[in-house]
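Step one of this worksheet: look at the structure below.
Each reported figure results from applying straightforward, stated rules to the coordinates on display, with no laboratory input. Here the structure is a predicted model, which is why all the values come from computation and not from measurement. Heads up, the Cβs are rebuilt from the backbone with ideal geometry, glycines too, and the neighbour counts pull from every protein chain shown.
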């Protein structure tokens, strides 16, 4: 079996799961949505999920092993619940492939290919690498046939979308979208590649789940500010397959790369990171009114979602047409050569600038 999976641990995110489920139904997915829930949720929430057609799976809250360092120091308190995601890898006997979706996502176009297309890439696990916190990570990209070398063993890797670091000042220089916007031919260094765990394509494996717990028990949990996302990035470092951004189009890409990357015509799945659309009073929702209107369409009247998306696309298209036209490759090259020539002649370009502007 194959399925979408999401996680719900607090009633405040119930609206998010309902909107996610309705959006999946609206794009006519062929796969069910399985919702992992914890005992703290009230019965009326569970009933609403079942009436929506979701498969509800009750699990006990999961805490990682104590580890070797200090206690967890999460960037946000709610991240403590995210370790439950690791339970998905235990479901080997029930599912051959899963796609995890965060509860604050909204599917705009059918993306069943994430489930129907098999994961066919294998990595090699090297357990000692995680302890060293080295470049390679515990999984090292080699052929599965080399798995026996250095005590490694073949495992299935995952697929995910690369993170946008622009909102984090000290990590902004690592943002792949900034580099790709400046030069589409630049390849992002795998050593720095970091994925957003809001969407992951995976194959369950009890063996891999056990290896994760072993790695956690030998890790310093205080280093994982983003909980399971930081851990999984170290665990799968260099051994995950990059998906196009439109499968996890989070708000950071919209805010920071709207002109160079974002395109409503290609977005398949919006990720409402930061302020949530069901909390419109949150000050950080300013500037995201259009994206929020999409979410509310899916939540209240799913049949109108397509129309709202089209309106946003046309509005954004008109906005783009008003932007200054970027220099073409030949124009940019010629301008650069001219600048080099003038600079070598000792002339100060600022001397001839019209300062009346």
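Counting neighbouring beta carbons within 10 Å and listing from fewest to most, the residues 104, 117 come out as 117, 104.
Ranked by Cβ crowding within 10 angstrom, fewest neighbours first, how are 54, 166 ordered? Don't jump to the answer; show the numbers that get you there.
On the way: 54 23, 166 18.
The order, fewest Cβ neighbours first, is 166, 54.
Cβ-to-Cβ counts within 10 Å put 317, 268 in ascending order as 317, 268, the fewest first.
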